[in-house]
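Below is one structure, written out as structure tokens, with a few remarks after it.
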Amino acid sequence: MSREEVTYMSPNQKALRRLFRNKAAVLGIIIIVLSVLTAIFAYAIVPDSTPNANEQILEIATEKMGFEIDMLHVRKNREIPVSNVFKFLVSGRENSYALVPFQKEARFEGKNVIVERYTGQDESVAAVFDTFNVADIVYPLSITDPTVSLDENQIQFKDLSETPQAFDLATLQANVKKDHIKRQKYLLGTDKFGRDNLSRLILGVRVSLSVGIVAVFISLLIGIFMGSLAGYFRGWVDDVIMWIINVFWSIPLLLWVFALVLALGREFWQIFLAVGLVMWVEIARIVRGQFFSLREKEFVEAAQSMGFGDARVIFKHILPNCIGPIIVITAANFASAIIIEAGLSFLGIGVQPPSPSWGTTLNEYYKYIGSSKSFLAVLPGIAILILTLGFNLVGNGIRDALDVKTKG
């Protein structure tokens, strides 16, 4: 790019150019973009796509990273709700099959399949054998008449819609071997309920980003409104708002959150609302300071002399000139909201199970630190660190990009 082209770049273009030259800020942007994409398409990429990745298989609880086991997929004898693509991406889909972990090889005896159920790594535990009907594995059987009969290699039964069915035994056995016995690998092991750690770790990014979005949006609405009023009207309006700000500042942030959570409840969105209601103070202070310096500018006096109302002067003329500092504090608040939610969940008053919150996971498994299963607590801690780091890097990058004294 020539020097003349640089000279005629707008201030916004120059700031954007400085931002993308900042390697740390670019790294933060990449982290945030990847996190957002992961949150949107989480159920399409996780191994366990059930709601909240809550497929519990107690036999494989707290298994190590890279654990592998054979699973017998047994069709559930009930209707499973069908989800369209949008609903699936939002809330996942219930598994149509019950998963039975087993060791050694499945054995076929007539119309039955016999497996030795997996009971853990302890070989001293007595073997437990389960018997399943091949028809019951492949098809959902009738609730009123689940009888399955075998007549000269023909299996006869009624399906869930009470329709009589007849299949060759060898065909059903081949179907079971091909489609219903699968080797399943848990890359990050399992938790104490036998749930896939990788799936819950990935879905946890949704909780963290959601609390950031909702909390920051609420804090922006309140903070900008209160700060604008205080900085524009001054006088007794400023005194009242500053008194409210000082009251909020005089009490630790977490105590406010605890009180609001206990008052509002511990439901998913109530937690986010509570976090947002205590994060507006810093934004109000920043906006108030910006209005104090901008209110006396010539363009504001010109707008007032033209008869524009106070609301138009505030929101159409002064506020757009405060966007830079607001964006910087918003990025910092995003990181703070993620940490606050994780802290609340760690203390047991945040997002409640089975929602896969990283803070809840830390609370459940911090006692494993120092053992061979420390990864159960380390992984969500690393996830929180990376996501908050991404927002902090972007916030610092935006601050430097908007600083006209920044060189290069």
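Bear in mind that the values in this text are calculations on the coordinates, not laboratory data. Just so it is clear, the model here is predicted, and its values are computed rather than measured. Neighbour counts are summed over all protein chains in view; Cβ atoms, including those assigned to glycine, are modelled from backbone coordinates with ideal geometry.
Based on a Kirkwood Rh over C-alpha pairs, give the Stokes-Einstein translational diffusion coefficient of segment 234-298 at 37 °C and viscosity 0.692 mPa s in µm²/s. Using the Kirkwood radius from Cα pairs, D works out to 245 µm²/s.
Stretching residue 36 away from residue 270 to a fully extended chain increases their span by 82.0 nm, per 0.36 nm per residue minus the current alpha-carbon distance.
With a simple spin-label model that places each label point 7 Å from the Cα along the Cα-to-Cβ direction, the separation between residue 174 and residue 308 comes to 7.8 nm. Couplings for segment 52-63, taken from phi via the Karplus curve 6.51 cos²θ - 1.76 cosθ + 1.60 with θ = phi - 60°, read 6, 6, 9, 6, 9, 10, 4, 5, 10, 5, 6, 7 Hz in order; Gly and Pro are left as x.
As a rough footprinting exposure proxy, the listed residues 374, 250, 345 were ranked by other beta carbons within 10 Å of their own, and the order from fewest upward is 250, 374, 345. Label positions at residue 78 and residue 185, each projected 7 Å from the Cα along the C-beta direction, are separated by 3.4 nm. Calculate the FRET efficiency for residue 347 and residue 125 from the Cβ-Cβ distance with a Förster distance of 51 Å, rounded to the nearest 0.05. With a Förster radius of 51 Å, E is 0.90.
Please arrange 219, 210 by how many other C-beta atoms lie within 10 Å of their C-beta, fewest to most.
Working: 219 25, 210 18.
If I rank by nearby Cβ atoms, fewest first, I get 210, 219.
Under 15 Å of direct C-alpha separation, and excluding same-chain neighbours fewer than eight residues apart, residue 111 reaches these aspartates and glutamates: 130, 136, 151, 152, 168. Too long at a 27 Å Cα-Cα cut-off: which of 185/367; 64/367; 177/373? The answer is 177/373. Between the beta carbons of residue 217 and residue 366, assuming R0 = 45 Å, the FRET efficiency works out to 0.90 to the nearest 0.05.
Length gained on full extension, residue 90 to residue 144, computed as 0.36 nm times the residue gap minus the Cα-Cα distance: 16.0 nm.
3J(HN,Hα) couplings calculated from phi for segment 153-159 with the Karplus curve 6.51 cos²θ - 1.76 cosθ + 1.60 (θ = phi - 60°) are, in sequence order, 6, 10, 9, 10, 6, 10, 7 Hz; Gly and Pro show x. The charge dipole of the chain, taken about the Cα centre with unit charges on the Cβ atoms of Lys, Arg (+1) and Asp, Glu (-1), comes to about 1720 debye, rounded to the nearest 20. Computed from phi, the 3J(HN,Hα) profile of segment 377-389 under the Karplus parametrisation 6.51, -1.76, 1.60 (θ = phi - 60°) reads 9, 5, 4, x, x, 5, 4, 4, 4, 5, 5, 5, 4 Hz, with x in place of Gly and Pro.
Distance between the pseudo-spin-label points of residue 244 and residue 339 (7 Å out from Cα toward the beta carbon): 2.6 nm. Count the net charge of all other residues whose Cβ sits under 15 Å from the Cβ of residue 189, scoring Lys and Arg as +1 and Asp and Glu as -1. In short, -2.
Computed on segment 68-194, with alpha-carbon pairs under 8 angstrom and 6+ residues apart, the relative contact order is 27 percent.
If Rh is defined by the Kirkwood formula over all Cα pairs and Rg also comes from Cα, what ratio Rg/Rh do you get for segment 302-408?
Result for segment 302-408 is an Rg/Rh of 1.25.
Between the C-alpha center of segment 313-342 and that of segment 55-113 there is a gap of 45 Å.
Between the listed residues 336, 269, 209, the Cα displaced farthest toward the positive end of the dipole of the chain, a dipole computed from Cβ unit charges relative to the Cα centre, is found at 336. Protection proxy ranking, highest mean first, for peptides 385-396, 82-93, 39-50: 385-396, 39-50, 82-93, where packing is the per-residue count of other beta-carbon atoms within 10 Å, averaged. For the options 117, 266, 21, a Gaussian network treatment of the chain with springs between C-alpha atoms closer than 10 Å singles out 21 as fluctuating the most. Looking at 58, 132, 85, which one has the Cα that reaches farthest to the positive end of the dipole of segment 1-152 (charges on Cβ: Lys, Arg +1; Asp, Glu -1)? So the residue we want is 85. Based on Cα contacts under 8 Å between residues 6+ apart, segment 246-329 shows a relative contact order of 26 percent. Other residues lying with their Cβ under 12 Å from the Cβ of residue 308 contribute a combined charge of 0, Lys and Arg counting +1, Asp and Glu -1.
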